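To start, the structure under review is shown below, and the notes come after it.
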């Protein structure tokens, strides 16, 4: 059974803290993604990674950075958390190529910044 | 970027077919149409996708209008486990990864 796991389901942090969200996939996928999900807005892409050590900005990268040192792990970093980063964060992975674009998602991390 | 428009919510009775509409009037010729659903407390999961022709799989059918400005996801016989938020998404044809998500339709199934 394919799996994308995220380090925490719920996280509460204070403004200004550095926050790490971890994502691990066991499917040997090259591509990995970080989204945030807010009510009424659907999912918005923060960053994605084509492969190890490769990353590209998505639609809303401001305030975030990422790290991909190993193929199975993709980390999202909030350098200095702010209240407007309170959101649900979803990680996904996929194998690239062709018109088939199924992304496999983790269960999400609900982050609250106080 | 092209965007999708869906009703906020829909209700249906258990074991009846469900037709979930999506408008994408600004779709470009190479944009794919994808549907994902998100069950409560879970991440989204893939349902189906297509470009021009209607598509069927074990989960659902996708009917795409001839002008491609709208599409309909069809669940042939809804069960209580199909209660979820259904997202109609465009994938830019020039991009192998970029999914443009709409706000989704919350599907409520009545027993």
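The values are calculated or read from the model by the stated rules, or taken from the named source; none is laboratory data. Predicted, not measured: the structure shown is a model, and the values here were computed from it. Here the Cβ is made from the backbone with ideal geometry for all residues, glycine too, and neighbour counts use every protein chain on show.
Key figures
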item: Some residue of the stretch A:63-81 being within 23 Å of residue B:49 (Cβ to Cβ) and touching a strand residue (DSSP E or B) at 6+ places or on another chain (Cβ under 7 Å); result: no
item: Filtered residue count, the stretch B:22-38, keeping only those that are in contact with a helix residue (DSSP H, G or I) (Cβ under 9 Å, 6 or more places away or on another chain) and at pLDDT below 95; result: 0
item: Some residue of the stretch A:8-17 being within 12 Å of chain B (Cβ to nearest Cβ) and surrounded by 14 or more Cβ atoms within 10 Å (Cβ to Cβ); result: no
item: Top-ranked residue in the stretch B:52-74 [being in contact (Cβ under 8 Å) with a residue 40 or more places away in the chain and more than 16 Å from residue B:87 (Cβ to Cβ); ranked as surrounded by the most Cβ atoms within 10 Å (Cβ to Cβ)]; result: B:68
item: Scope the stretch B:49-79; condition modelled with pLDDT under 95 and not in a loop (DSSP other than H, G, I, E, B); matching residues; result: B:49, B:50, B:55, B:56
item: Index of the failed condition, residue A:6 passing every other in (1) out of contact with any strand residue (DSSP E or B) (no Cβ under 9 Å at 6 or more places or on another chain); (2) at pLDDT 95 or above; result: (1)
item: Filtered residues of the stretch A:50-63 (kept if within 10 Å of another protein chain (Cβ to nearest Cβ) and within 18 Å of residue A:95 (Cβ to Cβ)); result: A:50, A:56
item: Unique match (being surrounded by 13 or more Cβ atoms within 10 Å (Cβ to Cβ), at negative phi and more than 14 Å from chain B (Cβ to nearest Cβ)) among A:78, A:45; result: A:78
item: Filtered residue count, the stretch B:8-22, keeping only those that are within 26 Å of residue B:92 (Cα to Cα) and surrounded by 14 or more Cβ atoms within 10 Å (Cβ to Cβ); result: 3
item: Any hit, the stretch B:87-96, residues being surrounded by fewer than 21 Cβ atoms within 10 Å (Cβ to Cβ) and without any contact (Cβ under 8 Å) to a residue 24 or more places away in the chain; result: yes
item: Lone qualifier among A:17, A:22 - being touching a strand residue (DSSP E or B) at 6+ places or on another chain (Cβ under 6 Å) and touching a residue at least 40 places away in the same chain (Cβ under 8 Å); result: A:22
item: Residues being in a strand (DSSP E or B), facing another protein chain (nearest Cβ under 9 Å) and surrounded by fewer than 21 Cβ atoms within 10 Å (Cβ to Cβ) - total across the stretch A:81-103; result: 0
item: Some residue of the stretch B:46-54 being away from chain A (no Cβ under 13 Å), more than 13 Å from the chain's Cα centre (by Cα) and farther than 22 Å from residue A:90 by Cβ; result: no
